[in-house]
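Participant: Handing you a structure now.
The values are calculated or read from the model by the stated rules, or taken from the named source; none is laboratory data. Note that the structure is a prediction, hence the values are computed from the model and not measured. Virtual Cβ from ideal backbone geometry, glycine too; neighbours counted across all protein chains shown. The protein model used for the area step is the full one, side chains on, heavy atoms only, and it has no ligands, DNA or RNA in it. Shrake-Rupley method; radii C 1.70, N 1.55, O 1.52, S 1.80 Å.
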Amino acid sequence: MTSPSPVVGDWYRRFNGALFEVVAVDRDDGTVEVQHFDGTLEEFDLEAWEEQDLEEAQAPEDWTAALPQALARGIFCAAN
């Protein structure tokens, strides 16, 4: 299965149900940075992103719960 292209501000779901938001895409470096609902940050290269079994998802009802962690790390992404 091919994963959808990463879009900053969009939410995605892994096959195991884990939700995360794309917070940065750097096509020059070939990386995608995501923030999980608990505030944990993770970075993938674009090849690894494409190999994952991901689907587009709706933001959780209380997606702002992760916002304090993002602000503390200096990350902020305006919603689409």
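Participant: Tally time: how many residues in the stretch 23-46 are within 14 Å of Ala59 (Cα to Cα), out of contact with any Phe, Trp or Tyr (no Cβ under 7 Å at 6 or more places or on another chain) and either free of Cβ contacts under 8 Å to residues at least 24 places away in the same chain or polar (S, T, N, Q) (or both)?
Facilitator: 0
Participant: Would you check which residues across the stretch 22-52 are open to solvent by less than 70 Å² (accessible area, probe 1.4 Å) and assigned to a loop (DSSP other than H, G, I, E, B) and list them? Steps first, please.
Facilitator: Let us first name the residues in the stretch 22-52 that are open to solvent by less than 70 Å² (accessible area, probe 1.4 Å), namely 22-26, 30-36, 39-42, 44, 46, 48-49, 52.
Once the filter is applied, which keeps residues that are open to solvent by less than 70 Å² (accessible area, probe 1.4 Å) and assigned to a loop (DSSP other than H, G, I, E, B), the stretch 22-52 yields Gly30, Gly39, Thr40, Gln52.
Here's the yes/no breakdown for (1) in contact with a Leu (Cβ under 8 Å, 6 or more places away or on another chain); (2) closer than 17 Å to Ser3 by Cα:
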residue	(1), (2)
Arg14	yes, yes
Ala18	no, yes
Glu21	no, yes
Ala24	no, yes
Asp29	no, no
Glu33	yes, yes
Glu43	no, yes
Leu54	no, yes
Gln58	no, yes
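Participant: Between a first residue in the stretch 1-12 that is closer than 14 Å to Asp26 by Cβ and a second residue that is open to solvent by 10 Å² or more (accessible area, probe 1.4 Å) and part of a strand (DSSP E or B), which pairs have beta carbons less than 6 Å apart while being 6 or more apart in sequence or on different chains?
Facilitator: Pairs that qualify, where the first residue is closer than 14 Å to Asp26 by Cβ and the partner is open to solvent by 10 Å² or more (accessible area, probe 1.4 Å) and part of a strand (DSSP E or B), are Pro6/Val25; Val8/Val25.
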